[in-house]
1. From the protein chains alone at 1.4 Å, what is the descending order of accessible area for Leu92, Leu80, largest first?
2. Measure off 7 Å from each Cα along the Cα-to-Cβ vector at Val41 and Thr69, then give the distance between these two points in nanometres to one decimal.
3. Let's test the formula: R0 of 41 Å, r as the Cβ-Cβ distance of Trp119 and Ala19. What FRET efficiency results, to the nearest 0.05?
4. At most 13 other C-beta atoms within 10 Å and a DSSP loop state: those are the exposed chymotrypsin sites (Phe, Trp or Tyr not before Pro) I care about. Give me the longest piece of the chain that has none.
5. Fully extended, how many nm does the chain gain between Asp99 and Val112 (0.36 nm per residue separation, minus their Cα-Cα distance)?
6. So what is the accessible area of the chain per residue, in Å², with the probe set to 1.4 Å?
7. With all protein chains present, how much of the accessible area of the chain (probe radius 1.4 Å) comes from carbon and sulfur, to the nearest whole percent?
8. How large is ³J(HN,Hα) for each residue in the range 54-68, as worked out from phi by the Karplus curve 6.51 cos²θ - 1.76 cosθ + 1.60 (θ = phi - 60°), to whole Hz, x for Gly and Pro?
Amino acid sequence: MKAYLYRIGFAFYATLIAALSLVNIGAPPGLPSFFDGFDKVVHFCFYLGFSVLLGQAFLEAFSELKTKTLRFWVIGYGLLYGGLIELAQMWLTTFRQADWNDFLANTLGVLVGVAIHPWISALLLNAKSRNN
């Protein structure tokens, strides 16, 4: 089970993003947002976590993967997933809409996640070696 921890975590996280993006959560009327553009920060954070978890899942499955190849697949998959979610909001729901600014926030989250992934991966590796 431990061998698949990041892959299972990533699958759960990606499913959570899809569910939150496609289900009508329906905030109560008159509920103020924290600030204008707060939803873009949420998109950024979701996809930052998405790319870090996906990077770890790839490393778990393919430990010999080169850094450039890893980054290519994480960025490609992250952009594809974010784009498909936006299209699904446009075509499959009546209460959500596709938004280029959401896609831009998703993209920035993926890129920052890919940039910080080596640092987070090293932290996780150090924590794992200390626990063994």
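The values are calculated or read from the model by the stated rules, or taken from the named source; none is laboratory data. Nothing here was measured: the structure is a model prediction, and the numbers come from that model. In this analysis, Cβ positions are derived from the backbone assuming ideal geometry, glycine residues included, and neighbour counts consider all displayed protein chains. The accessibility values were calculated without ligands, DNA or RNA, using every heavy atom of the protein model including side chains. Shrake-Rupley method; radii C 1.70, N 1.55, O 1.52, S 1.80 Å.
1. Output order, biggest surface exposure first: Leu92, Leu80.
2. About 3.9 nm separates the two model spin labels.
3. With a Förster radius of 41 Å, E is 0.90.
4. 96-132
5. Once the chain is fully extended between Asp99 and Val112, it gains 2.7 nm.
6. 67
7. 70
8. Each residue's phi maps through the Karplus curve to give 5, x, 5, 5, 5, 5, 5, 7, 10, 5, 8, 4, 6, 4, 5 Hz.
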